[in-house]
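Okay, so here's the structure we're looking at.
The values are calculated or read from the model by the stated rules, or taken from the named source; none is laboratory data. All values reported here derive from a predicted model rather than from experimental measurement. Here the Cβ is made from the backbone with ideal geometry for all residues, glycine too, and neighbour counts use every protein chain on show.
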Amino acid sequence: MGRLFDLRWIIALLFGIYGVVLLVLGIGFETDADRVKTGGFNVNLWMGIVLLLLTAFFGVWAALRPVVPEAVPPEEGDDEVK
Amino acid sequence: MLLADANLRLDAQAVDYVLLGVYFVIVLGIGFMARRSVSSSLDFFLSGRSLPAWVTGLAFVSANLGAVEVFGMTANGAQFGIPTVHYYWIGAIPAMVFLGLVMMPFYYGSKVRSVPEFLRRRFGAASHLVNGISFATAQVLISGINLFALGSVVNVLLGWPLWVSIVVSAAIVLAYTTLGGLSAAIYNEVLQFFVIVAMLVPLTIVGLHRVGGWEGLTAKIADKANELSSWPGTNLTGIGNATLSVLGIVFGLGFVLSFGYWTTNFAEVQRALSARNMSAARRTPLIGAYPKLLLPLVIVIPGMLAAVLSPELMQAKQALAANPDATTDVQFNDAIKLLIRDVLPNGMLGIAITGLAASFMAGMAANVSAFNTVFTYDIWQTYIRKDKPDGYYLRFGRLITVIGVVAAIGTAFIAAGYENIMTYLQTLFSFFNAPLFATFILGLFWKRMTAAAGWSGLVAGTVSALMVFILANSGAVSWFGDPKSQGPSFVGAGVAFVVDIVVSVLVSLATRPKPDEELKGLVWSLTPRNTWRERGEGWYRRPGVLAGGALVLTVALNIIFW
């Protein structure tokens, strides 16, 4: 399964896109109506930053510990039940 | 709870639709990529037993994080306040720990492919058939609830008629579950978990910011005595007597309903069975316990926030407090949608809508992937078409997935009729899960328990839970609690458990037990403990350490919110 595609890259991709969009909205497009809704807390900006940090976390994790194709089928590995 | 009302319409703009669209593209992409890894029925139904523990652990939480939890628990938060945390800290966590420590070795170790299959090995065909059919039926009913919720979000967002929204939503879930099987469902569940958290955390933070923090929230709550302390939770149970209410929560909700749900529900256990080895399987519910014990902070609190921030919900709550039968414009189930509408700006709004869609898809996909496995392996392969080549069952699995989704479209319209989804579901669970848990516990620890006891206990338990439901709803017996609250399902679960145990013991004493050789690996006293041992893994991966940490945190949270 993991040999074919790595879920960590998919999470990084999704949150990367979301993070950039929110960051741009937070920096450049905060309206007065938004401030009324949020009570002045720029949630798009902060969530954008958090999501980009998460993207970096999953990207680094996937890059440092890539999925190694398994040589033996899982049943012959550990924890075999006799 | 029709959502066509204009006041519930979320003010989504182009950017919000783009964020939702990106998500759907990735979800379907996962389905197509996972398809390449499906070459046998075991790949399709159990991901080839190859997944790492962090993936199965998060999928374990996500499978349960459907409409019931997101709508139901925010609704409970808005209606009852803090006592809702019992679903997590009395209910879910101890049961998840028990599953990982005690039950998983039997499930994973015996190499069964489903929970009903374990029953067949332990008790034979009759209890297997009872459970297989009741489980498959329950999954179709529950996936209808998730589908209805998903359709209602699309309905509110795009303004399509409800039935079109439901059919289109069903088609998307169907696409990725038939293509990629359980792997696609699980991979999407992990993704969904993160998206749901990315919705709930900012919702809680902005909401708290609006009301002036925790003090601001508590100052605005009218019924401080009931809603701000978790015990005795009489408003949650609807049982007036404080002692009985605590008993109902601890025994009915905590011990029977939650243990029944988390330890025998195949939609959950299936996630652990897809893990790559025994250690990863045992760690699946234990890793899941950590996010699960933090979730009420971002689910129950937003519910409470909605009840003080949304003018409509505040009015509805006051009207209901004055007259429990009052008709209101909005329902408690609308709590999270009202809060999203009122506090999130465009951008975050798109992510929140995506989070709602993700949640309902996760819930439905979990039901569908558990349903197709049980129907194919436990009903079709066991009783109807035996000994066909594996490719036949893979094709049949895909076909039955389509049929299951079509049936869920039908049940989606049944779910539409209930005011509080949670009450409806707890009732269902008390019919199926509580007796099942009793049978499992007795069967695991008492090797004398016989095959006849297995099925007769299950039937007697389910029938007694039905009786409680009928008595409470007809108004014949009132001390079970108000039929509109969750008390009757707690009582029903407790009664079903006791009846199941009594009937099982009596029947066992009158019938002949299976010989010991046939029960190896299926009963505690006949299973050698060395098959459970972990080899060469770090201390932090030991199930005992993970379980201890989760329990300590849960006790701490219980005390903080006492």
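The numbered conditions (1) under 20 Å from A:L45 (Cβ atoms); (2) in contact with a strand residue (DSSP E or B) (Cβ under 9 Å, 6 or more places away or on another chain); (3) of a type in the set (A, V, I, L, M) are all true for B:I186 except (1). Looking for something modelled with pLDDT of 85 or more, within 30 Å of B:P52 (Cα to Cα) and assigned to a helix (DSSP H, G or I) - is there at least one such residue anywhere in the range B:524-545? No - not one qualifying residue is present in the range B:524-545. Going by the structure shown, is B:F413 modelled with pLDDT of 85 or more and either under 14 Å from the mean Cα position of the chain (by Cα) or of a type outside the set (S, T, N, Q) (or both)? Taking the combined requirement at face value, the residue does not satisfy it. Scanning the range B:211-226 for residues that are out of contact with any helix residue (DSSP H, G or I) (no Cβ under 6 Å at 6 or more places or on another chain) and on the phi < 0 side of the Ramachandran plot yields a count of 9. Among the residues of the range B:397-420, those identified as crowded, with 19+ Cβ neighbours inside 10 Å and within 14 Å of B:G181 (Cα to Cα) are B:G397, B:I400, B:T401, B:G404, B:V405.
For the range A:1-20, a residue qualifies if it is closer than 30 Å to B:F44 by Cβ, among the aromatic types (F, W, Y), in contact (Cβ under 8 Å) with a residue 12 or more places away in the chain and facing chain B (nearest Cβ under 8 Å), and exactly one does: A:F15.
In the range B:152-211, the residue that is surrounded by the fewest Cβ atoms within 10 Å (Cβ to Cβ) out of those that are within 14 Å of another protein chain (Cβ to nearest Cβ) and of a type in the set (S, T, N, Q) is B:T204.
With respect to the conditions (1) of a type in the set (D, E, K, R); (2) within 14 Å of chain A (Cβ to nearest Cβ); (3) in contact (Cβ under 8 Å) with a residue 40 or more places away in the chain, B:R122 lacks only one, and its number is (2). For the residues B:Y87, B:Y107, the requirement of being within 14 Å of chain A (Cβ to nearest Cβ) and of a type in the set (S, T, Y) singles out B:Y107. Pairs meeting the criteria (first residue in the range A:21-36 and at the interface with chain B (Cβ under 7 Å from one of its Cβ atoms) and within 15 Å of B:D342 (Cα to Cα), second residue in a helix (DSSP H, G or I) and polar (S, T, N, Q), beta carbons under 9 Å, at least 6 apart or on different chains) are A:D34/A:N44. Could you check, for the range B:295-309, whether at least one of its residues is away from every other protein chain (no Cβ under 12 Å) and closer than 30 Å to B:F375 by Cβ? No, every residue in the range B:295-309 fails to be away from every other protein chain (no Cβ under 12 Å) and closer than 30 Å to B:F375 by Cβ. Is there any pair linking a residue in the range B:335-358 that is at the interface with chain A (Cβ under 7 Å from one of its Cβ atoms) and charged (D, E, K, R) to one that is surrounded by fewer than 24 Cβ atoms within 10 Å (Cβ to Cβ) and not in a helix (DSSP H, G or I), with Cβ under 9 Å and at least six apart or on different chains, and which? Taking only residues 6 or more apart or on different chains, the pairs are B:D342/B:S310. In the condition set (1) within 18 Å of B:G254 (Cβ to Cβ); (2) of a type in the set (S, T, N, Q); (3) modelled with pLDDT of 80 or more, B:S504 is compliant with all but (1). Kindly check whether there is at least one residue in the range B:54-61 that is modelled with pLDDT of 75 or more and either over 25 Å from B:A95 (Cα atoms) or outside any helix (DSSP H, G or I) (or both). No. Flag: B:T284 matches the condition of being of a type in the set (S, T, N, Q), out of contact with any Cys (no Cβ under 9 Å at 6 or more places or on another chain) and closer than 21 Å to B:A550 by Cβ. Per the listing B:V112, B:V140, the residue uniquely of a type in the set (A, V, I, L, M) and either assigned to a helix (DSSP H, G or I) or within 29 Å of B:L356 (Cβ to Cβ) (or both) is B:V140. Could you go through the range A:48-58 and let me know if any residue there is in contact (Cβ under 8 Å) with a residue 60 or more places away in the chain, at negative phi and of a type outside the set (A, V, I, L, M, F, W, C). Checking the range A:48-58: not a single residue is in contact (Cβ under 8 Å) with a residue 60 or more places away in the chain, at negative phi and of a type outside the set (A, V, I, L, M, F, W, C). Hey, does the range B:32-43 have a residue that's surrounded by fewer than 24 Cβ atoms within 10 Å (Cβ to Cβ), within 24 Å of B:L444 (Cα to Cα) and away from every other protein chain (no Cβ under 11 Å)? No. With respect to (1) touching a residue at least 40 places away in the same chain (Cβ under 8 Å); (2) within 14 Å of chain A (Cβ to nearest Cβ); (3) in a helix (DSSP H, G or I); (4) not β-branched (V, I, T), the lone exception for B:A362 is condition (2).
Determine, yes or no, whether B:L65 is surrounded by fewer than 23 Cβ atoms within 10 Å (Cβ to Cβ), away from chain A (no Cβ under 12 Å) and touching a residue at least 24 places away in the same chain (Cβ under 8 Å). No; evaluated as a whole, the condition is false for this residue. Exactly one residue out of B:I400, B:I384, B:I409, B:I414 is touching a Ser or Thr at 6+ places or on another chain (Cβ under 9 Å), away from chain A (no Cβ under 14 Å) and of a type in the set (A, V, I, L, M): that is B:I400.
In the range B:218-326, counting only helices (runs of 4 or more DSSP H) that sit wholly within it, the ones holding 3 or more residues that are surrounded by fewer than 24 Cβ atoms within 10 Å (Cβ to Cβ) span B:224-227, B:242-247, B:278-309, B:311-322.
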